[in-house]
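Please read the structure below before turning to the comments.
The values are calculated or read from the model by the stated rules, or taken from the named source; none is laboratory data. All of these numbers come straight from a predicted model, not from anything done at the bench. Cβ sites come from the backbone with ideal geometry, for glycine too, and all protein chains shown count toward neighbours. We work out accessible area using only protein heavy atoms, side chains counted, and drop any ligands, DNA or RNA first. Shrake-Rupley method; radii C 1.70, N 1.55, O 1.52, S 1.80 Å.
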Amino acid sequence: MKGISKRFPLVTALSDVSFSVALGEVHALLGENGAGKSTLMNLLRGLLQPDEGQILLQEHPVTIGSPQQAAALGIGMVHQHLSLVGTLTAAENVLLPRLPFWISKRRLQEEFAQLRSRFGMTVDGRALVAELPLPERQQVELLRVLAPAPKLLILDEPTAVLTIEEAARLALCLREHVGGGGSVIYISHKLDEVLAVADRVTVLRRGRVVAAGIPTQSLDRAELAQQMMGEQAALSSQLQEERSERTGIMTERAEILVVENLHVESDRHHRVLRGVSLRLRAGELFGIAGMGGSGQHELCEALLGTRPVHSGQIYLGGVNIGNFPTGKRRQLGLGVVPEDRLLEGVAPHLSVAENCCLNPQLRPQSWLSQSAFVRKARTLIAQVELPESALSAPVWTLSGGNMQKVILARELAAPSLRVLVAAYPCRGLDIGAIAAVHCLLRACCQCGIAVILLSEDLDELLSLSDRIAVLVAGQLHGECAATDADRTTLGLLLGGVIP
Amino acid sequence: MAMDTLSQLSHLLAAGVTRAAPLLIAALGAITAERAGVLNLGVEGVMLLGAMTGFATTAATANPWLGLGSALLAGAALGLLYAVVVVSLQADQVVSGLALGFVGTGLSAVLGAPLAAAPQKIVELPQLSIPFLQQIPLLGRALFATSVIVYVAFILLLITKLLDASRWGLHITAVGENPSAADAMGVPVLRYRYACTIWGSGLAGLAGGGLSLAITPMWVDDLTAGQGWIAVGLVVVARWRAIPAAWIALLFGVLRRLPLELQGMSALLGNPKLGYLFEMLPYLGTIVVLVIRTRPGVGKYFAPPSALGIPYVRGMQK
């Protein structure tokens, strides 16, 4: 791939990215979430078209218009979200694209068994995919992609669901594939794994290549982690000063939120939080880093009360709120900026004024009317620097940044607010809006409100937080004051290397 | 006396089988379309248009075979229209399906107005008797000396069943369960959805033709009297499978006839309107299934195709 750029309406996902894979090699593509890895691969799969640049396959320029075309060119992909048909058997899934017209169950199983033994897999071909455990489903997916012997195999976060043995089996299987002259692109953010499997590594950061095709022998983990996270942006001296002042004051403040040994299960009854503990003082900003899917979502829900707590305690201002319904928690001073603005944060077809008044603590005392809403909301939106003309506009017409401001205005206006949980508040926003959101969060802290900020952006966390920790594998690791934070350590933690 | 009961039973069964045939044909069409992920709530309207077209063509040409063919084509044409709206343009399938039903009902009423005004006799679809086999006690008359439409239903049942053992059938299942996975495996999702929608709607038209050419050979407005809706409900109870659909269709065919057979025997069971009450049984069954479906464990046994009613847009994650 040469000089590839791809722009979306809001962001430039890739700018001038060049990337090459040789025959018979495993090439790893590393990067944080949102670095552009998936976009790059979607270009190769034919789901997206590049705005600029060329894709060359064995030195011939190609246009990949659809997944079928990608498959015809010999590009196979194992998705992070497995794409299998649950109601068909493993064998049917694997052989689906290459079936004879009349299907004989016996022949199907024989063919499947042959493939299975060639790649050293163990999965039962007669089992329905929906009834298989995740690692075995991944075997099916892998076999499906390997069956037509693709020239280029793309694996997107393949070990996210695998046990150590399974991961080792996968590595062997990949060796078998490249041994036969195939090539592999291996997308991951797990450093150890990449070093174990790949021949060369390319690192993406914010849509740019920051390290191209470095052989893995000449690399060490710390270096790799640093490249993934980027150089430390110099904090403005004013901010530094302000912060050291704050650290002094902070130790005298009362603890407002205490979470002790919290265990929470996911929708699929996996234990996703295993003993999370944290203490938050009034006016403190606690940053939680970590790749999405390590329990962030469930942590927010458990704090808000929309997901049952398996075990552990949550104290808000000394009161155990672990069993309280959401409304009561809010009355006691909990506010939340949810992860998915449009889905969980606003009622998109209601006006800005109405959305501001959705917070029960802000409901007008009179009969509900548009003018009562507007009266209430006017002061709120002035605080977040939204123009008054926006009041009667339906929220869905606003930009992401302004929508976020409406949510923040609503949450901050609750008189009882003491703890604000902000989940990825800047995701998908432009620079101006990000600055505004940061400014509001800081203002919160100055009013003595404690903030939990979840983010995938390490720079953001380091510049805003008083303390920082990484949520990885359901636990908080590496908690420290943000001023003492060491990017390499954090980078290793983000990469799943738990000391 | 025993002889008498047997012949009565045999008669009931034969009548029930004939009644069940159009129901089964429409249900088989709906099964194939829904297996591919396209819900069609307009079956009733499509059946009406098929019934009207079939009757009109036969009245004009005196050839019931041409009538049956034109019923199929009329249904398929509506199916094509529906596929453009819900597959290509990705419109909501519940609303569009209801709209399609109204289009079919309206068209059949408007175009069929002259026929309804001047009732006439047409050449019906022929009866077909197979020597020897028709003399089998009890079943002989029902299965081997009956209207052609019953044989058509059997052939379609066989085709739908065989589809399961073919590449096409597996591809249809994949398209209806997980279209993005099917797409990634190189299965042309939209082409399958078009084909299944048109096929399903064509069978609904054919079922309507069967009604107006064999079961109740005439044309009046609303000739189908809700049988299209019964077919839609039947699909859920049959768990999107052909053979159970056939048994259930037979059950309802017999139940529909039962009150007529029992007339004069007892006041309650002989009430000729009882058939209408029995007709709501598929929906009672559907509601039972919908409730069971929410239970863990047994629920997945009754689960619909995962992508039923959801338009497929390439590259969109759920």
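Of all the listed residues (B:THR197, B:THR173), the sole one being in contact (Cβ under 8 Å) with a residue 12 or more places away in the chain, within 14 Å of chain A (Cβ to nearest Cβ) and part of a helix (DSSP H, G or I) is B:THR173. Scanning region A:61-75 for residues that are over 13 Å from A:LEU47 (Cα atoms) and not in a loop (DSSP other than H, G, I, E, B) returns A:PRO61, A:VAL62, A:ALA72.
Of the residues in region A:355-398, how many are outside any helix (DSSP H, G or I) and more than 21 Å from A:CYS439 (Cα to Cα)?
14
Contact list please: Cβ distance under 8 Å, first residue in region A:189-215 and farther than 15 Å from A:HIS27 by Cβ, second residue modelled with pLDDT of 80 or more and open to solvent by less than 60 Å² (accessible area, probe 1.4 Å), pairs at least six apart or on different chains. So the pair list comes out as A:HIS189/A:LEU30; A:LEU191/A:LEU30; A:VAL210/A:VAL203; A:VAL210/A:LEU204.
As a summary of the residue check, A:VAL62 satisfies the conditions (1) open to solvent by 60 Å² or more (accessible area, probe 1.4 Å); (2) touching a strand residue (DSSP E or B) at 6+ places or on another chain (Cβ under 7 Å); (3) over 27 Å from A:ARG106 (Cβ atoms); (4) not small (Gly, Ala, Ser) except for the one numbered (1).
One residue stands out in region A:108-131 among those that are assigned to a helix (DSSP H, G or I) and within 12 Å of another protein chain (Cβ to nearest Cβ): the one that is most open to solvent (accessible area, probe 1.4 Å), namely A:GLU131. Among residues that are free of Cβ contacts under 8 Å to residues at least 40 places away in the same chain and either open to solvent by less than 40 Å² (accessible area, probe 1.4 Å) or within 14 Å of chain A (Cβ to nearest Cβ) (or both), B:ALA242 is not included.
Against the condition open to solvent by less than 30 Å² (accessible area, probe 1.4 Å), in contact with a Pro (Cβ under 9 Å, 6 or more places away or on another chain) and not in a helix (DSSP H, G or I), how does B:GLY37 come out, does it pass? Here the answer is yes, as B:GLY37 does meet what is asked. The set of residues in region A:58-76 being closer than 21 Å to A:PRO158 by Cβ and either among the acidic types (Asp, Glu) or more than 7 Å from chain B (Cβ to nearest Cβ) (or both) consists of A:ALA70, A:GLY74, A:ILE75, A:GLY76. The strands (runs of 3 or more DSSP E) falling completely within region A:246-339 that include 2 or more residues that are in the same structural domain as A:SER455 (by TED's automatic domain parsing) and more than 21 Å from A:ARG442 (Cα to Cα) map to A:255-265, A:271-281, A:311-316. All of (1) within 14 Å of another protein chain (Cβ to nearest Cβ); (2) touching a helix residue (DSSP H, G or I) at 6+ places or on another chain (Cβ under 9 Å) hold for B:SER166 with one exception: (2).
Results for (1) among the basic types (Lys, Arg); (2) more than 22 Å from A:VAL276 (Cα to Cα); (3) open to solvent by less than 20 Å² (accessible area, probe 1.4 Å); (4) in contact with a Pro (Cβ under 6 Å, 6 or more places away or on another chain), shown as yes or no for each residue.
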{"site": "A:GLY428", "(1), (2), (3), (4)": "no, yes, no, no"}
{"site": "A:ILE431", "(1), (2), (3), (4)": "no, yes, no, no"}
{"site": "A:VAL437", "(1), (2), (3), (4)": "no, yes, yes, yes"}
{"site": "A:GLN446", "(1), (2), (3), (4)": "no, yes, no, no"}
{"site": "A:VAL451", "(1), (2), (3), (4)": "no, no, yes, no"}
{"site": "A:ARG467", "(1), (2), (3), (4)": "yes, no, no, no"}
{"site": "A:VAL470", "(1), (2), (3), (4)": "no, no, yes, no"}
{"site": "A:CYS480", "(1), (2), (3), (4)": "no, no, no, no"}
{"site": "A:THR483", "(1), (2), (3), (4)": "no, yes, no, no"}
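Scan region A:87-98 for residues that are modelled with pLDDT under 85 and facing chain B (nearest Cβ under 8 Å) and the total you get is 1.
Taking first residues from region A:132-143 that are in a helix (DSSP H, G or I) and partners that are of a type in the set (Gly, Ala, Ser) and surrounded by fewer than 24 Cβ atoms within 10 Å (Cβ to Cβ), the Cβ contacts under 8 Å between residues at least 6 apart in sequence or on separate chains come to A:GLU136/A:ALA127; A:GLU141/A:SER83. Any idea which residue in region A:394-419 is most open to solvent (accessible area, probe 1.4 Å), counting only those that are modelled with pLDDT of 85 or more and more than 25 Å from A:GLN446 (Cβ to Cβ)? Per the criteria, the residue is A:PRO394.
This table checks each residue for (1) among the small types (Gly, Ala, Ser); (2) open to solvent by 10 Å² or more (accessible area, probe 1.4 Å).
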position: A:GLU298; (1), (2): no, yes
position: A:GLN313; (1), (2): no, yes
position: A:LEU316; (1), (2): no, no
position: A:LYS328; (1), (2): no, yes
position: A:LEU343; (1), (2): no, yes
position: A:LEU358; (1), (2): no, yes
position: A:SER371; (1), (2): yes, yes
position: A:LEU386; (1), (2): no, yes
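Counting only residues that are within 23 Å of the chain's Cα centre (by Cα) and more than 8 Å from chain A (Cβ to nearest Cβ), how many does region B:176-193 have? Summing the residues that are within 23 Å of the chain's Cα centre (by Cα) and more than 8 Å from chain A (Cβ to nearest Cβ) in region B:176-193 gives 4. Checking each residue in region B:226-264 for being more than 14 Å from B:ALA20 (Cα to Cα) and outside any helix (DSSP H, G or I) picks out B:ALA238, B:ARG239, B:TRP240, B:ARG241, B:GLN263, B:GLY264. When the residues of region A:218-271 are filtered to those that are modelled with pLDDT of 70 or more and of a type in the set (Gly, Ala, Ser), the one that is surrounded by the fewest Cβ atoms within 10 Å (Cβ to Cβ) is A:SER218. Here A:LEU47 passes the criteria (1) in contact (Cβ under 8 Å) with a residue 24 or more places away in the chain; (2) within 14 Å of another protein chain (Cβ to nearest Cβ); (3) assigned to a loop (DSSP other than H, G, I, E, B) except the one numbered (1).
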